[in-house]
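*Asks:* Below you will find the structure I want to go over with you.
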Amino acid sequence: MTDDYKNYLSKTSKNYFEKSVVKTEQQRFLETLLPATLSGHKIADVACGSGTLSYHLNQKYADQDVHFTLIDYFDDVLDMAKKLNPNPNFSFENGNIYQLLQHADDSFDYVFCWQTLSWVDEPEKALNELVRITRPGGKLYLSALFNLDFDVDIYAKVLNKSEKAVENIPVNYHTISVHTINNWIGKSCKNIQFHRFEPNIDFHYSGRGLGTFTVNSDKGRLQISGGLLMNWAILEIEK
């Protein structure tokens, strides 16, 4: 992670993560992919932000014995995650997605990494580290931008020039093809499956910066942010 990108995240993360904890459409979609029980399982939420993903999972599995480990690179958002999740079955760690050295191989039954892989500088390195800490037979779920229709990777640097933006700090908006994901981890995993995310409601945004809105087409709702097509999907990996 470059110093500029760290600076961008530190300036924008607090405002971003202070948004409502209302369950998102992506979270609802994720929960349709999960089993009815996770009792007795260890879960890692890597690049957890303010902890909203694990908050909703804990609500869903409230009557079960599930332990959550929330990991993020920034202490300020970890503090927010702690306030949101003051539960005895939660633990919190400052950690780098590229080197989760505090965890041995095969440490977790389930690993979640939400809206992160497309924004890091080295997505292959991050993905392999997430696979490493997942136990054999365990599952890894990642929400990111994936090219499911073409064997084309798109590595974009975005400069947000809108009124409230942190100017002149480039932000990654990478869209990674199925072909590339298979090359990166195909030999180390039992099964790889992509679930295309198609929202059931319209998204609205009237600003001139980065902010997702939908356009209805013959292919369904297309999600756009800052002029970029947002090909969201959930990658499900069984190790």
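*Asks:* Given the peptides 233-239, 73-79, arrange them by the average over their residues of other C-beta atoms within 10 Å, most packed first. Don't skip to the answer; put the middle values down first.
*Replies:* Values: 233-239: 19.6, 73-79: 16.4.
Averaged packing, sorted descending, gives the order 233-239, 73-79.
*Asks:* Within the range 125-227, report the GluC sites (Glu not before Pro) that DSSP leaves as loop and that have at most 14 other Cβ atoms within 10 Å.
*Replies:* Numbers: sites: Glu129, Glu163, Glu167; in loops: Glu163, Glu167.
Here the sparse-neighbourhood loop sites are Glu163, Glu167.
*Asks:* Using a Gaussian network model on the chain with a 10 Å cutoff between Cα atoms, which of Tyr61, Tyr141, Tyr110 fluctuates the most?
*Replies:* Tyr61
*Asks:* Once neighbouring chains are kept in place and the probe is 1.4 Å, which whole percent of the accessible area of the range 12-105 is contributed by carbon and sulfur?
*Replies:* Numbers: 2380 of 4720 Å².
After summing per-atom areas, the C and S share lands at 51 percent.
*Asks:* Peptides 174-182, 64-72: what's the order by average Cβ count within 10 Å, highest mean first? List each step's numbers first, then the result.
*Replies:* On the way: 174-182: 18.3, 64-72: 21.3.
The densest-packed peptide leads the list: 64-72, 174-182.
*Asks:* In debye, nearest 20, what is the charge dipole magnitude of the chain about its Cα centre with +1 on Lys and Arg Cβ and -1 on Asp and Glu Cβ, if you could check? Mind showing how you got there, number by number?
*Replies:* Details: 24 positive and 30 negative charges, 62 e Å.
Charge dipole, the chain, about its Cα centre: 300 debye, nearest 20.
*Asks:* Let me have the 222 nm mean residue ellipticity of the chain computed from DSSP H runs of 4+ only, each contributing -39500 (n - 2.57), with the sum over all residues rounded to the nearest 500.
*Replies:* Numbers: 6 runs with 62 residues, N = 239.
That calculation yields -7500 deg cm²/dmol at 222 nm.
*Asks:* Which whole-Hz ³J(HN,Hα) couplings does the range 67-78 yield from phi under the Karplus relation 6.51 cos²θ - 1.76 cosθ + 1.60, θ = phi - 60°, glycine and proline marked x?
*Replies:* 10, 10, 10, 9, 10, 8, 7, 10, 5, 5, 6, 4
*Asks:* Cβ neighbours within 10 Å, averaged per peptide: list 49-57, 100-108 in order, most packed at the top. Please report the intermediate quantities before stating the final value.
*Replies:* Details: 49-57: 23.2, 100-108: 14.9.
Going by the mean number of other Cβ atoms within 10 Å, highest first, we get 49-57, 100-108.
*Asks:* Heavy-atom accessible area per residue, the chain, 1.4 Å probe: how many Å²?
*Replies:* Working: 12120 Å² over 239 residues.
Roughly 51 Å² per residue, with all protein chains present.
*Asks:* Taking 8 Å as the Cα distance limit and 6 or more residues as the minimum spacing, I'd like the relative contact order of the chain as a percentage. It would help to have the intermediate numbers written out before the result.
*Replies:* On the way: 442 pairs, mean separation 40.9, N = 239.
Once divided by the residue count of the chain, the mean separation gives 17 percent.
*Asks:* Using 7 Å Cα-to-Cβ label points, what is the Lys219/Glu93 separation (nm, one decimal)?
*Replies:* It is 4.0 nm.
*Asks:* Another one. Pairs of Cα atoms under 8 Å, at least six residues apart: use those to get the relative contact order of the range 162-239, whole percent. List each step's numbers first, then the result.
*Replies:* Working: 86 pairs, mean separation 25.2, N = 78.
Dividing the mean separation by the residue count of the range 162-239 yields 32 percent.
*Asks:* Give the Debye-formula value of log10 I(q)/I(0) at each listed q (0.08, 0.13, 0.15 Å⁻¹), with one equal scatterer per alpha carbon of the chain, two decimals each.
*Replies:* For the requested q values the scattering log ratios are -0.29, -0.82, -1.13.
The values are calculated or read from the model by the stated rules, or taken from the named source; none is laboratory data. Since this is a predicted model, take the numbers as computed values, not measurements. Methodologically, a virtual Cβ is constructed for each residue, glycine included, from the backbone with ideal geometry; neighbour enumeration extends over all protein chains shown. When the accessible area is computed, the model is the full protein with side chains, heavy atoms only, and any ligands, DNA or RNA have been set aside. Shrake-Rupley method; radii C 1.70, N 1.55, O 1.52, S 1.80 Å.
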